[in-house]
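Q: Before I ask anything, let me first share the structure, which is written out below as structure tokens.
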Amino acid sequence: MRARMHDYFLGGSHNFGVDRAAAREVIASWPDIVSTVQQNRAFQHRVVRHFVRSGIRQFLELGSGIPTAGSVHEVAQSLAPESVVAYVDIDPITVAHSAHILRDDQRTAVVHADIADTDAVFGADAIRDLFDLDQPVGILMLGILHFVTDDDRAFGAVAGAQERVAPNSELAIWHPGALQGKPYLAGAEPSIERLYGDAGFPFTLRSRDQVRQLFGDWDVLEPGLVKLPEWRPDSPGGSPELPGHTGGFAGVARKERR
Ligand SMILES: C[S@@+](CC[C@H](N)C(=O)[O-])C[C@H]1O[C@@H](n2cnc3c(N)ncnc32)[C@H](O)[C@@H]1O
């Protein structure tokens, strides 16, 4: 359901009436969610283009949702057709839906796993068949780690993936952060946290320092950990920060050969 609500926020068509109703309830509490999700998608596109320019041809999206509305394989394969892309998600319906959409694409795989279970992710047949782990991988963890509410599991999910990949691999994270006095938290409307929590999808917002620590000892690339529109914008000014926008923290780091 989270993935299909996300699809609705992105303007996709892979959602049902119940998802749209839940998504509208979230929008009523926090209208900025739509533009935030769209900014995240634009960041994803810039990151994938950057990965391709860095020579990366293997892409791993952890907590992928449904690969629709301009997803990683579309961007990567439009620039480098030999690119292979694996999508990992914990939700079986999302995985079934995604596998159906990608059933004719031999260069993509969809894996059902908890990203905190590194062995399940990297041991999956589909990933072993598709990836050469001696070559760099571009890992994307966008809008996912806040759903891994336990810090040890979130840090373990990142560190586990980092250990498995070769030097020159890169990791992109976008993590929603401090909510900067959002009125919905104080107002009579149910808070967005309660809406997600009641639906069985609790999340946790982490500080800038915590998000920086998630990258571990990998080298964070310029411009560092920034708001979504500030990460290497396509045009000099980038897209303007939204009024009341949550910000959150976006960045990309590289595994150097040591
Ligand atoms: C908000 S969507 C983000 C989609 C995509 N990464 C993006 O940036 O557009 C979050 C997705 O993470 C998935 N998810 C949540 N917890 C997960 C976990 N522990 N392991 C794998 N996937 C998870 C949800 O099922 C959902 O599809």
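Q: Restricting to segment 35-50, name every residue that is within 11 Å of the ligand (Cβ to nearest atom) and either at pLDDT below 90 or of a type in the set (S, T, N, Q) (or both).
A: Matches in segment 35-50: THR36, VAL37, GLN38, GLN39, ASN40, GLN44.
Q: Further question on the same structure: Identify, by number, the condition in (1) at pLDDT below 95; (2) near the ligand (Cβ under 9 Å from one of its atoms); (3) surrounded by fewer than 17 Cβ atoms within 10 Å (Cβ to Cβ); (4) not hydrophobic (A, V, I, L, M, F, W, C) that SER71 doesn't meet.
A: It fails just one condition, (3).
Q: Can you work out which of the residues in segment 51-68 that are away from the ligand (no atom under 12 Å from the Cβ) and open to solvent by 10 Å² or more (accessible area, probe 1.4 Å) is nearest to the chain's Cα centre (by Cα)?
A: Top of the filtered list is GLN58.
Q: Still on this structure: Looking only at helices (runs of 4 or more DSSP H) that lie completely in segment 81-179, which have at least 3 residues being of a type in the set (Phe, Trp, Tyr), within 11 Å of the ligand (Cβ to nearest atom) and touching a Gly at 6+ places or on another chain (Cβ under 9 Å)?
A: No helices (runs of 4 or more DSSP H) qualify here.
Q: Pairs please, first residue from segment 128-146 and closer than 17 Å to TRP218 by Cβ, second anywhere and β-branched (Val, Ile, Thr) and away from the ligand (no atom under 16 Å from the Cβ), Cβ atoms under 6 Å, 6+ apart in sequence or on different chains.
A: PRO136/ILE56; VAL137/VAL165; GLY138/ILE56
Q: Restricting the first residue to segment 3-27 and requiring it to be more than 13 Å from the ligand (Cβ to nearest atom) and open to solvent by 20 Å² or more (accessible area, probe 1.4 Å), which pairs with a second residue that is part of a helix (DSSP H, G or I) and among the acidic types (Asp, Glu) meet a Cβ separation below 8 Å and a spacing of at least six or different chains?
A: SER13/ASP7
The values are calculated or read from the model by the stated rules, or taken from the named source; none is laboratory data. None of the values given here were measured: they were computed from a predicted structure. In this analysis, Cβ positions are derived from the backbone assuming ideal geometry, glycine residues included, and neighbour counts consider all displayed protein chains. SASA here: full protein model, heavy atoms, side chains in, ligands and nucleic acids out. Shrake-Rupley method; radii C 1.70, N 1.55, O 1.52, S 1.80 Å.
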